[in-house]
Amino acid sequence: MEILQNISIKRYNTFGLDIKARYFCVVKTKEEFIEVMQSNTFKNNTHLILGGGSNILFTEDYQGLIIKNEMKGIEVVKENEKHIEIAVSSGEIWHDLVLYCITNNWGGIENMSLIPGTVGAAPIQNIGAYGKEIKDYLVKVEVIDKASLKTSYFDNQNCVFDYRNSIFKSKLKGKYFISKVFLKLDKSPHKINVKYGDILSTLTQNNISKPNIKDVSDAVIEIRQSKLPDPSKLGNAGSFFKNPIISQKAFDEFIIKHPSAPHYIVGKDAIKIPAGWLIEQIGWKGKVIGQTGSHKKQALVLVNYGQAKGEEIKQLALDIIDSVKKHFNIEIEPEVNII
């Protein structure tokens with residue numbers, strides 16, 4: 001393990017921004033991570049742990065230490081006829097894990113195919129798509145306390161999951177490093193969910209009437225690829241904004257003015273409005289400003305057309321947030337971490 005200096009991290013962030021890290025290192029084991037935390041470079045500087053670089057927007061060079069997590073490994077913890085529990089190292093690529101589970105006929109996370117990023121970032125964000133969230137399958141996470149270097153575990157309940165949120169993103173932000181994620185998946189029969197989004201219509205178009213988990217995954221991949229730009233070809237971080245959740249009272253006022261608006265009841269006194277729909281309605285979809293803009297196929301996605309600066313993308317996000325607030329009286333928030 002070597003700590004490098006003044007390294008460009010352009011290839012480590014999906015926006016493709018040519019940002020430099022004052023210090024940079026790659027860790028491939030838990031022991032290497034502890035070694036880094038014991039170093040003077042770690043103790044004397046701010047630090048950032050980087051997974052897939054798919055949920056982050058850098059607005060300037062990073063003046064501290066960036067730790068790139070490349071810890072790999074998938075192991076079976078226990079299993080019976082119906083379920084299997086696996087432990088996954090946090091540096092594994094999430095989509096690679098999904099495909100691995102499908103190959104082994106383990107069901108549950110197929111609806112979350114092609115979500116960018118690493119396994120370790122998944123519970124922090126409580127990632128989800130098409131009616132499924134990681135909290136539905138997470139047993140516990142293994143963490144390292146950055147202060148004491150001790151290893152401990154948080155079970156599902158103690159992670160305090162919420163919509164695109166967890167205790168690691170709120171109350172305990174920055175205090176722990178997630179080293180492993182434990183998931184409980186279905187062996188057979190699989191509980192397939194095809195009711196959300198365009199999955200059912202895609203399966204129908206492909207003449208699939210009795211889908212298995214691979215069919216569902218393939219449909220999700222097809223949908224996502226048709227709507228979302230490939231970061232290797234056009235810099236982006238996926239969905240930039242969270243879908244806002246508003247109260248019943250606020251919704252009653254909103255729907256009178258916008259009766260055709262899509263919406264989803266997600267809890268008592270909680271209605272989710274698609275942020276992409278809000279952004280599209282006020283003309284941002286496909287709009288290009290300088291070297292950035294809202295993608296032509298998905299308003300939620302902000303893109304780098306080649307030479308954009310991080311600050312330029314951030315300003316676009318702020319302008320969109322302001323427009324949505326003025327037009328709909330609804331506040332949308334970034335899902336992407338802005339550094």
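None of the figures in this text is laboratory data; all of them are computed from the coordinates on show. Here the structure is a predicted model, which means the values were calculated and not measured. Cβ coordinates were reconstructed from backbone atoms using ideal geometry, including for glycine residues, and neighbour counts include every protein chain displayed.
A few notes on this one:
- Binning the alpha carbon pair distances of the range 46-176 at 5 angstrom intervals from zero yields the distribution 2, 9, 18, 24, 22, 14, 7, 3, 1, 0, 0, expressed in whole percent.
- Highest average packing first - 282-290, 134-142, Cβ atoms within 10 Å: 134-142, 282-290
- Simple Cβ-charge dipole of the chain, Lys/Arg +1 and Asp/Glu -1, about Cα centre, in debye nearest 20: 300
- The H on the amide N of G64, modeled in the peptide plane, is under 5 Å from the matching H of R22, Y23, each at least 5 residues off or on a different chain.
- Backbone HN-Hα couplings from phi across the range 70-76 [Karplus 6.51/-1.76/1.60, Hz, Gly and Pro as x]: 10, 6, 10, x, 10, 9, 7
- Leading residue at positive end of dipole, the chain (Cβ point charges), from G117, V336, T202: V336
- Relative protection proxy for 11-20, 199-208, from highest mean packing down: 11-20, 199-208 (other beta-carbon atoms within 10 angstrom).
- Segments 158-164, 3-9 sorted - mean Cβ within 10 Å per residue, highest first: 158-164, 3-9
- Spatially proximal aspartates and glutamates relative to K297 (Cα-Cα < 18 Å; intrachain offsets below 8 disregarded): D198, E222, D230, E280
- For the Cα trace of the range 4-69, dividing Rg by the Kirkwood Rh returns an Rg/Rh value of 0.95.
- 5 angstrom amide H check on T59, placed H, neighbours 5+ away: I339
- Two-decimal log10 I(q)/I(0) for the chain, as the Debye equation yields it once each C-alpha is a single scatterer, q = 0.15 Å⁻¹: -1.40
- Computed with the Debye formula from one identical point scatterer per Cα of the range 235-338, without solvent, the log10 of I(q)/I(0) at q = 0.24 Å⁻¹ comes to -1.29.
- Residues whose amide H comes within less than 5 Å of that of L50, counting only those at least five positions distant or on another chain, are I67, K68, N69 (H built at 1.01 Å from N in the peptide plane).
- Backbone HN-Hα couplings from phi across the range 44-50 [Karplus 6.51/-1.76/1.60, Hz, Gly and Pro as x]: 9, 9, 5, 9, 9, 9, 10
- Using a cutoff of 8 angstrom between alpha carbon atoms and counting only pairs six or more residues apart, the relative contact order for the range 235-338 works out to 32 percent.
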